[in-house]
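Notes follow once the structure below has been shown.
The values are calculated or read from the model by the stated rules, or taken from the named source; none is laboratory data. Note that the structure is predicted; figures quoted are calculated from it, not measured. All Cβ positions, glycine included, derive from the backbone under ideal geometry; neighbour counts span all protein chains shown. Side chains are part of the model used for accessible areas, which takes the heavy atoms of the whole protein and leaves out ligands, DNA and RNA. Shrake-Rupley method; radii C 1.70, N 1.55, O 1.52, S 1.80 Å.
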Amino acid sequence: MKYIGLAMICSALVACGGSGVSVDGGKVNVETVNTVPKLQAVRVNASGVDANGVVLINSGDFSIDWDATAVDASSFNLFLSQDAVKSDSDIEFFVTLNPQSNKKASLKWDEQLAVLSVSGVPLPIKSFFAGNALGQGFVIARGCGVIVDTANGERKSCVEKTVAVKISNKASVASAVAAI
């Protein structure tokens, strides 16, 4: 009888348009707030793409754009990483609090200075090339928000997409070849 009642409550909530309704541990769980963005696509628009689909970033201007559905209470960050896993060693180079309205970052890579500029503000990224002379890595796009539900309370939740990139760095490549 108890489960029939739960099924009826869930059915009624879903029929009334209640999304995020589930049964968790025998209790009705209702998601009351979800500000986590939906991240459909991320594109790095640069010099070209190699045969493996890796985006090539040569010295000069390039951009990153994305398709996101979000509310103002969400955040969106771009990171440069040597692998496809977000970690504390990654270089954060862009942040916005409205990824649905702000859908593009314009950047400039200065190979001679090993500086990535975002909106004219230079960010040294020499650490990206440490042990990575070929400049291979990933742009990680990460959108975060808050989920509140009756079973688990409030918690931060994030979604990510990655794009494989290779940043031209002739100085590091020349040093690596000279060391051989």
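Could you list all residues from region 129-157 that are part of a loop (DSSP other than H, G, I, E, B) and surrounded by 13 or more Cβ atoms within 10 Å (Cβ to Cβ)? Hits for region 129-157 are ASN132, ALA133, LEU134, GLY135, THR150, ALA151.
Annotation note: of VAL85, VAL121, the sole residue that is among the hydrophobic types (A, V, I, L, M, F, W, C), more than 24 Å from VAL146 (Cβ to Cβ) and either in contact with a Phe, Trp or Tyr (Cβ under 9 Å, 6 or more places away or on another chain) or open to solvent by 40 Å² or more (accessible area, probe 1.4 Å) (or both) is VAL121. In region 105-117, which residues are touching a strand residue (DSSP E or B) at 6+ places or on another chain (Cβ under 9 Å) and either within 20 Å of LYS170 (Cβ to Cβ) or open to solvent by 20 Å² or more (accessible area, probe 1.4 Å) (or both)? SER106, LEU107, LYS108, TRP109, ASP110, GLU111, LEU113, ALA114, VAL115, LEU116, SER117 - these are the residues of region 105-117 that are touching a strand residue (DSSP E or B) at 6+ places or on another chain (Cβ under 9 Å) and either within 20 Å of LYS170 (Cβ to Cβ) or open to solvent by 20 Å² or more (accessible area, probe 1.4 Å) (or both).
Yes/no per residue for (1) at pLDDT 95 or above; (2) surrounded by fewer than 17 Cβ atoms within 10 Å (Cβ to Cβ):
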site: SER74; (1), (2): no, no
site: LEU78; (1), (2): yes, no
site: ASP90; (1), (2): yes, no
site: LYS103; (1), (2): no, yes
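Screening ASN98 against (1) more than 13 Å from LYS166 (Cβ to Cβ); (2) open to solvent by 20 Å² or more (accessible area, probe 1.4 Å); (3) touching a strand residue (DSSP E or B) at 6+ places or on another chain (Cβ under 7 Å) leaves a single unmet condition, (3).
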